[in-house]
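Before any comments, here is the structure.
The values are calculated or read from the model by the stated rules, or taken from the named source; none is laboratory data. Quantities reported herein were computed from a predicted structural model and do not represent experimental measurements. Ideal geometry is used to build each Cβ from the backbone, glycine not excepted, and the neighbour counts take in all protein chains shown.
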Amino acid sequence: MAISLQKGQKIDLTKGRAGLTNITVGLGWDPVKKGGLFGGLLGGGADVDCDASVLMLDENDKLSDPKDLIYFGNKTSKDRSVKHSGDNLTGAGEGDDEQITVDLRNVPANVHKLLFVVNIYQAKQRKQHFGMIQNAFIRVVNSSSGEELIKFNLTDDYSGLTSLFPGELYRHNGEWKFSAVGQGTSDLSIGDIANRYR
């Protein structure tokens, strides 16, 4: 049974799970229905295109190589340990909207943190923000068994914000841990976010 996390909580992911080597990180969201609480804000009903990404950071929280940014334009890390499933343009449908798979055994030793990000594509041009999104979550699944291990529902009000840091995986004493971050920012692109870590 999955452990449901609250914002700020951290949990051991691999400790006591010797066989856990491949995980799938699922990210999901739904557009707020027109006519609902934010119905007047949807700007002509254009789809809100959210993009999931992951930054592979070193021990100093730096993105040491531009290829360590995994997103719809660079779907596989150079070592092939992190792979992006591809771009979902609308957020429609049940379950995960985008997925990132991680082979924990093959994440390079210099990578200490995998920081997951969701941002709204062309948010400024389309006048869109995360107040137009509901039911956002991040979850971690054992890729081999399909068992959901962790889920974090993002319930804060992110109105006016255009990027989210839902969670991160990080190394600690030879094990991998997961932290429910749940922080929003006004960064407008994945490039803006990546520049914070250069």
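Under the condition of being surrounded by 23 or more Cβ atoms within 10 Å (Cβ to Cβ) and within 14 Å of residue 169 (Cβ to Cβ), which residue from region 130-151 is nearest to the chain's Cα centre (by Cα)?
If we take residues in region 130-151 being surrounded by 23 or more Cβ atoms within 10 Å (Cβ to Cβ) and within 14 Å of residue 169 (Cβ to Cβ), then 138 is nearest to the chain's Cα centre (by Cα).
If you check residue 135 against the conditions, is it outside any strand (DSSP E or B) and touching a residue at least 12 places away in the same chain (Cβ under 8 Å)?
Numbers: outside any strand (DSSP E or B): no; touching a residue at least 12 places away in the same chain (Cβ under 8 Å): yes.
Considered against the rule, which asks whether it is outside any strand (DSSP E or B) and touching a residue at least 12 places away in the same chain (Cβ under 8 Å), residue 135 comes out as no.
Might you check whether a residue that is surrounded by 13 or more Cβ atoms within 10 Å (Cβ to Cβ), touching a His at 6+ places or on another chain (Cβ under 8 Å) and farther than 30 Å from residue 108 by Cα occurs anywhere in region 120-129? Steps first, please.
So the first thing to find is which residues in region 120-129 are surrounded by 13 or more Cβ atoms within 10 Å (Cβ to Cβ), and the list is 120-123, 126-129.
In the following step, the residues that additionally are touching a His at 6+ places or on another chain (Cβ under 8 Å) were identified as 120, 123.
Next, from what is left, pick out any that are farther than 30 Å from residue 108 by Cα: 123.
Yes, region 120-129 contains a residue that is surrounded by 13 or more Cβ atoms within 10 Å (Cβ to Cβ), touching a His at 6+ places or on another chain (Cβ under 8 Å) and farther than 30 Å from residue 108 by Cα.
Name the single residue, out of those in region 31-83 being of a type in the set (Asp, Glu), farther than 16 Å from residue 107 by Cβ and part of a loop (DSSP other than H, G, I, E, B), that is modelled with the lowest pLDDT.
Start the filter on region 31-83 by keeping residues that are of a type in the set (Asp, Glu), which leaves 47, 49, 51, 58-59, 61, 65, 68, 79.
Checking which are farther than 16 Å from residue 107 by Cβ leaves us with 47, 49, 51.
Okay, now just the ones that are also part of a loop (DSSP other than H, G, I, E, B), so 47, 49.
Working: 47: 78, 49: 87.
My answer is 47.
Please enumerate the residues belonging to region 139-182 that are under 18 Å from residue 48 (Cα atoms) and in a strand (DSSP E or B).
Of everything in region 139-182, those that are under 18 Å from residue 48 (Cα atoms) and in a strand (DSSP E or B) turn out to be 163, 164, 165, 166.
Applying the selection to region 168-183, what residues are under 23 Å from residue 18 (Cβ atoms) and among the small types (Gly, Ala, Ser)? Before you say what the answer is, go through the steps one by one.
The first filter runs over region 168-183 and keeps only residues under 23 Å from residue 18 (Cβ atoms), leaving 168-179.
174, 179, listed by residue number.
Go through region 88-103 and give me each residue that's surrounded by fewer than 19 Cβ atoms within 10 Å (Cβ to Cβ) and either closer than 10 Å to residue 53 by Cα or at pLDDT 95 or above (or both). Full working, then the answer.
Of all residues in region 88-103, those surrounded by fewer than 19 Cβ atoms within 10 Å (Cβ to Cβ) come to 89-90, 92-95, 101, 103.
Matches in region 88-103: 101, 103.
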